[in-house]
Amino acid sequence: MSVIEHADDLPAWAALAVSFFLVVGAGLTLIGTIGFARLPSFYERIHAPTLGTSWGTGGIVMASMIFFTVLATRPVVHEILIGIFVTVTTPVTLMLLARAALHRDRAEGNPEVPAEAPLTREAEGQPAAGE
Amino acid sequence: MLPYPLLSASLVIMWLALNGFTLGHLILGCIVSVFASWGMAALRPVKPHLPKWYLLPKLIGIVLYDILRSNLAVASILITGGRRKHKSGFITVPLDLENPTALAVLAVVITSTPGTAWLEYNSLSKTVLIHVLDLVDEAEWQVLIKTRYEALLMEIFK
């Protein structure tokens with residue numbers, strides 16, 4: 001007995017809300033992927049998929065929460081966990097990719113990338129008083 | 001046996017919530033949580049001290065609102081594409097935060113917000129390199145990050 005067979009039981013307002021969040025989430029993800037393909041430089045491209053990992057996921061998760069809450073088939077733990085895990089793990093991949101790109105650009109002497117911060121404390125940076 | 005009882009308990013609860021409550025899954029979840037907490041102990045994480053944990057919902061609210069706003073901003077940049085020229089660039093933000101957990105939270109916040117990406121943190125000069133998709137004024141971004149997120153994080157993780 002699948003849940004989708006009960007989708008007829010969904011009241012109209014809930015169906016509207018579910019569709020709204022689904023379209024918003026899927027739309028943002030789609031725009032993100034289009035931007036991913038179209039933006040010119042690597043550092044600009046890393047911004048585009050974050051649409052999908054933030055409110056793109058958020059919208060779809062929200063739709064799922066409303067659907068299963070209204071049909072009262074199960075508690076909405078899954079969606080919250082998905083949201084947390086996607087949010088917390090995105091920066092790991094992003095930072096790995098970005099730092100690899102930075103390293104390569106610096107090694108190649110690309111002038112558009114800022115140089116590595118100096119390894120010694122700058123003269124203007126006073127040693128913190130509380131240390 | 002259980003170096004992080006709270007972590008183990010939440011792992012078991014999560015396991016049962018995701019897989020449904022059966023005796024088999026209870027046993028499997030307990031085994032997983034015990035090994036996971038040993039793994040966590042092997043990492044020797046610094047115990048975060050949160051005297052003002054009640055400010056966390058405020059931070060989450062601010063961040064969710066900002067993520068929503070920048071989603072719309074970045075989506076409009078991507079849709080209008082070449083017509084409206086945007087200028088992206090790198091900014092360096094000096095930070096006063098030193099707590100590793102607070103820095104991790106800040107990195108998640110900056111990265112989850114579309115349009116800004118946390119690239120690298122230099123613990124010696126205490127600066128972070130951030131790439132901004134629509135960079136108009138560098139000073140404005142520095143003030144935004146310092147006042148909107150860092151000040152609150154400093155208070156939470158004092």
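Values in this text are rule-based calculations from the coordinates and carry no lab data. Keep in mind that this is a model prediction, so the values were computed, not measured. Virtual Cβ from ideal backbone geometry, glycine too; neighbours counted across all protein chains shown.
Remarks
- Pairs of lysines in the protein assembly as shown (C-alpha under 25 Å apart; 8 or more residues apart or interchain): 13
- Label-point separation, residue B:124 to residue B:146 (7 Å along Cα→Cβ), nm: 2.3 nm
- Under 5 Å from the amide H of residue B:120 lie the amide H atoms of B:129, each residue being 5 or more positions distant or on a separate chain, with H modelled from the backbone and absent for Pro and chain starts.
- The eigenvalues of the Cα gyration tensor, multiplied by 5 and square-rooted, give segment B:8-90 an equivalent ellipsoid with semi-axes of 41, 20, 15 Å from largest to smallest.
- Out of every Cα-Cα pair that the protein assembly as shown contains, those further apart than 28 angstrom amount to 49 percent.
- Positive-end ranking of B:129, B:86, B:49 along the dipole of the protein assembly as shown, with charges on Cβ about the Cα centre, is headed by B:49.
- Shape parameters for segment A:9-107, alpha-carbon atoms, Rg then Dmax in Å: 17.0, 61
- Angle in degrees between helix B:5-19 and the longest Cα principal axis of chain B, rounded to the nearest 10: 90 degrees
- Part-to-part distance (alpha-carbon centres) for segment A:6-75 and segment B:1-54, which is given in Å: 29 Å
- Span per principal axis, largest first, for the Cα atoms of segment B:43-158 (Å): 49, 31, 28
- In terms of the mean number of neighbouring beta-carbon atoms within 10 Å, the peptides B:16-22, B:43-49, B:26-32 order highest first as B:26-32, B:16-22, B:43-49.
- Put a dot 7 Å past the Cα of residue B:46, heading toward its Cβ, do the same for residue B:25, and the two dots end up 3.8 nm apart.
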